[in-house]
Amino acid sequence: MPLKIIQVGVGGFGTSWRHALTTSPDVEVIALVDIDRDILKEAADVFNLSSDKCYLNPDTNWAEIEADFVIDSTPQLHHHTNAMKAFSGGKHLLVVKPMSDQWKTGKVMVKEAENRGLKMAVAQQLRYHPVIMKMRDLIQSGEIGEVGYIHQDAFFGSPGYGGSYPQPYPLLVQGAIHFFDYIRWIIGSNAKSVWAECWNPSWINEHGCRCSYVVFEMKNNCRVCFRGVATESENTNWTCNWHIEGEKGIIKLINDHVFLNDKEIAVSWDDETHISDLNLPVLNKIVLDEFISYINGDKEPGFSGKNNLKSLEMVFGAIKSSETGCRYTMGE
Ligand SMILES: NC(=O)c1ccc[n+]([C@@H]2O[C@H](COP(=O)([O-])OP(=O)(O)OC[C@H]3O[C@@H](n4cnc5c(N)ncnc54)[C@H](O)[C@@H]3O)[C@@H](O)[C@H]2O)c1
């Protein structure tokens, strides 16, 4: 029997789940929830659902619908509320990144899932982009030995990155959650402490902090220096540009080209898509499959809620450090 799914937030990024949800024999979308009637109608046509399977949030109590799990693809300020609804109705949860817009609500979500014996995961699908996987493989196979330090750059246009809605720290909370999650995934070590500066240069008039310099001390002693800036200079992709220095060599990622000791290593998508394409529908399918295995067994993915708290703390630790002017130690 396919697992029954309710999707909450069906427009915007929510549309990138359609490929996985309509091609996987293991799942069946049985209800859709959104705040926008027109978006609901359009999505209902895609999933071939009648209008009585479409629910307006927050007017209806969609938590009472019988289903196995919820995919929440609404903006992060709703994730905590939606999670509590899903868990109170006994449903597992796959939520898009970031887990929540606040550190304390993220922790509550993970705790609540655990207390109820439900599975929760955060769809950090960009972990599976081929260039990220290639850098991970090179490091994990020991090609450059012990990693000493990493420079990671994320350049956005001159207005910087503002996220899906006005928020205080769009770059770190909605953007850099991907980048900090890559670091843990690629080097296989968690952050120990962080210090950071978040600010806006004079030409940013829009809401929210759009520039950050962040330095992590990782548990394996590696230091990571992240620059996320609003700049006229060439934009980087969501995979970032990297310089990874190890005791036996250097890995660079420059505009999605991977270099090992200055020699380019071939990396491609299986389907010949351009390497800089994020191919989100394909990556979401990988995440969905892993989440289904998690529900059906005990294989906890690296992006489970509990694991993902370690990435979320890197984000909120950096914010705390910038606001206090002090180094933040993970677990404080
Ligand atoms: N690669 C990625 O993982 C990736 C990429 C883009 C966006 N995202 C994440 O997706 C989320 C949504 O971003 P977006 O840009 O698509 O936002 P959006 O504003 O387009 O919202 C997405 C959908 O949610 C609906 N919605 C909004 N509030 C709702 C509510 N309270 N209840 C039900 N539906 C609601 C909207 O009507 C819309 O259909 C963000 O958290 C963002 O971080 C992830």
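Where a number appears in this text, it was derived from the coordinates with a stated rule and is not lab data. Not measured: the values here are computed from a predicted model. Using ideal geometry, Cβ is built from the backbone for each residue, glycine included, and neighbour counts are taken over all protein chains shown.
Structure summary
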item	result
Residue-by-residue Karplus 3J(HN,Hα) for region 294-310, coefficients 6.51, -1.76, 1.60, Hz, glycine and proline x	4, 5, 7, x, 10, 6, 7, x, x, 10, 4, x, 4, 5, 5, 4, 5
Fewest-first ranking of TRP269, TRP62, using other Cβ atoms within 10 Å as the exposure measure	TRP269, TRP62
Gaussian network model of the chain, Cα within-10 Å springs - most flexible of ALA43, ALA266, ALA86	ALA266
³J(HN,Hα), Karplus 6.51/-1.76/1.60, whole Hz, each residue of region 66-75, x for Gly, Pro	6, 7, 8, 8, 10, 9, 9, 10, 7, x
Shape metrics for the chain, restricted to C-alpha atoms - Rg then Dmax, Å	19.9, 61
Cα shape, region 129-282, gyration tensor, a/c 1.5 rule	oblate
Residue-averaged 222 nm ellipticity for the chain, from DSSP H runs of 4+ at -39500 (n - 2.57), nearest 500	-9500 deg cm²/dmol
Around ASP36: net Lys/Arg minus Asp/Glu count, Cβ-Cβ under 15 Å	-3
The chain: most fluctuating residue of ASP181, ASP26, ASP271 per GNM, C-alpha cutoff 10 Å	ASP271
Residue order, fewest to most surrounding Cβ atoms within 10 angstrom, among SER276, SER212	SER276, SER212
For the chain, built as a Gaussian network whose Cα springs stay under 10 Å, the top-fluctuating residue of ASN255, ASN279, ASN296	ASN296
3J(HN,Hα) from dihedral phi, region 271-279, Karplus parametrisation 6.51/-1.76/1.60, rounded to Hz, x for glycine, proline	9, 6, 4, 4, 4, 7, 6, 7, 6
Test item: Cα-centred dipole of region 92-165, Lys/Arg +1 and Asp/Glu -1 on Cβ, debye	360
Placed amide H near TYR55: partners under 5 Å, 5+ positions off or other chain	LEU32, VAL33, ASP34
Scaled radius of gyration (Cα, divided by 2.2 N^0.38 Å) that region 78-123 gives	0.97
DSSP bridge orientation in the chain - percent antiparallel, rounded to nearest 5	55
Length-normalised contact order of region 3-123 in % [C-alpha pairs under 8 Å, at least 6 apart]	23
Relative counts (whole %) of C-alpha pair distances in region 3-123, using bins that are 10 Å wide	14, 50, 31, 5
